[in-house]
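First the structure, in the form of C-alpha cells, and then the observations on it.
The values are calculated or read from the model by the stated rules, or taken from the named source; none is laboratory data. All values reported here derive from a predicted model rather than from experimental measurement. Here the Cβ positions follow ideal geometry from the backbone for every residue, glycine too, while neighbour counts run over all protein chains shown.
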Amino acid sequence: MINTGRVALSKMDAVTFGLPAHDALKEEVAKIGSQRIFLMISGSLNRNTDEITKIRNALGNKVVGEFDGISPHTPRRDVILATEAARDSRADLIVTFGGGSITDAAKAVALCLANDISDTKKMDILNFPDKVLPPTVPQISIPTTLSGGEFSAISGVTDVSSQKKDLFRHPGIIPTAVILDPVPTIHTPEWLFLSTGIRAVDHCVEGICSNKANAYGDAQALQGLALLSGGLVGVKKNKSDIQARLDCQMGTWLSMAPLSSGVPMGASHGIGYVLGAAFGIPHGHTSCIMLPAVMRWNESSNKNRQQLISAAMKQPDINAGDVLEALISKLDMPTRLSDVGIKKSDFNDIAIKSMETPWVPHNPRHIIGPKDILEILALAA
C-alpha cells in the first residue's frame, strides 16, 4: 500500500530570519497596514531588558495596549484577561514577543475576539473548529524559545479545572509572519532555551518515526534535527554564539514540517501534555525525560525509522534512544521523572490521563491501554 496524505499550506505570509526584530517588525507592520497594535510580551523581557522598548520605539503611537501576564502552559484565565485587554484596545494586530505560552495565548485570544468569548467556560466551543468564526485580528510572532508553536495552527491552552490541555485548532490562527532574531534569545534562561530546543527535537523525531511519516516532512525534519543537535551543543558551549542560536531557530522552523503535513506526534508528546497540565512541568523538560524512553519502547516497531534519527545526529551505529539521551545529558537537562519530582505513586494517574490525549493513539507502536504507558514511565523513572 502506498503512503497517502495531504499537506495543508498555511496562511503564513513570511518568515524573516537573522535581522533585528524591531526593524523586521516595522517592515511587516507596514506591509499589513495595521494601525492599532496590541503587544503580548514576556514579563521578564519587559522588566529586565530593553528589547520591548525597541519594539515600542519602532512602532510608535501604533501601540495601543500591552499584556505581559501569560503564565506557563497558557491557563484559560490568562487568555481571557488578555482577550479583554485586546478587546478594550480595539486591536487590529497582535504582536507576540516571548516564549511558546505567549504565542499559544495570542492564537486563543484571536479566536476569543472573533467569537465574543469573555469567560473561561465559553472557551469549550473552541474545541470544535467547525463551530467557531475565523479570527479577524492577525498575529506576528517573535519567539524567544524553541517550542515551535509559532509555525502551527494549534493553540495549546490548559483547563486548570480539569488539569487537561486543550488543543484549539483553526487554520486562521497561525501567525501571518514570524521573525527569527537570535540576539534577544541571549536573555532567555539557558535551561529554557535548551529544553525547548529538545522540544523541537521531539517534533522532529516523533514526526520522522510516525507510521504516517512522509517525504515532505522527513526532508525538513531530518535537516532540522541536524541543525538543532549541533546548535544546542554550540549554545551550551558559548552563550554568545549567535550563529548557533540561529541554527536552533531554523531547526525549530523545520521541525514543524511533519505536523504541518498532517503527521501526528506520538507518546512523548501525549504523556508530556499530562505532565505539563497536571504537574506543571515545562514542556521542554517533559520532552527531555520522555523522548528517549518512548524511543526505546517503540524500537521493536520502527527500528528502521529510528536509524534515520541516529544518522542525522552523526552517530549511525548507536540506537536513537541512547543518542538522544546523551545529547540531553550533555545539555545538563533532566532525563528522569524523579529529576522533576514525579513519584512512582503518580504513574497510574499519569497513565490513565495520557490515554485521553490526542497523540497517544497515534504512537507508532500501538498503545493498548494504561498498562503500556506504565511500561514507558518505568523506562523514564
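Values for this structure:
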quantity	calculated
Extreme residue, farthest from SER287 (Cα to Cα), among residues of the range 318-358 that are touching a residue at least 24 places away in the same chain (Cβ under 8 Å) and touching a Pro at 6+ places or on another chain (Cβ under 6 Å)	ALA351
Any pair with Cβ under 9 angstrom, 6 or more apart, that starts in the range 1-23 at a residue that is closer than 21 Å to ASP247 by Cα and in contact (Cβ under 8 Å) with a residue 24 or more places away in the chain and ends at one that is loosely packed, with under 14 Cβ neighbours inside 10 Å and of a type outside the set (Gly, Ala, Ser)	ALA14/LYS31; HIS22/ASN57
Count of residues meeting criterion [on the phi < 0 side of the Ramachandran plot and surrounded by fewer than 22 Cβ atoms within 10 Å (Cβ to Cβ)] in the range 150-165	8
Within the range 1-62, helices (runs of 4 or more DSSP H) holding 2 or more residues that are farther than 17 Å from GLY99 by Cα and charged (D, E, K, R)	21-32, 51-59
Verdict on ALA85 being surrounded by fewer than 21 Cβ atoms within 10 Å (Cβ to Cβ), in contact with a Phe, Trp or Tyr (Cβ under 6 Å, 6 or more places away or on another chain) and assigned by TED's automatic domain parsing to the domain that holds GLY149	yes
Unmet requirement for PRO361, which otherwise passes all of (1) assigned to a helix (DSSP H, G or I); (2) within 26 Å of ALA226 (Cβ to Cβ)	(2)
Test result for ILE350, in the same structural domain as ASP202 (by TED's automatic domain parsing) and either of a type in the set (D, E, K, R) or over 30 Å from GLY234 (Cα atoms) (or both)	yes
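Residue-by-condition table, conditions (1) crowded, with 24+ Cβ neighbours inside 10 Å; (2) at pLDDT below 95; (3) part of a helix (DSSP H, G or I):
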{"position": "ARG245", "(1), (2), (3)": "yes, no, yes"}
{"position": "GLY251", "(1), (2), (3)": "yes, no, yes"}
{"position": "GLY262", "(1), (2), (3)": "no, yes, no"}
{"position": "HIS269", "(1), (2), (3)": "yes, no, yes"}
{"position": "MET295", "(1), (2), (3)": "yes, no, yes"}
{"position": "GLU299", "(1), (2), (3)": "no, no, yes"}
{"position": "ASN302", "(1), (2), (3)": "no, no, yes"}
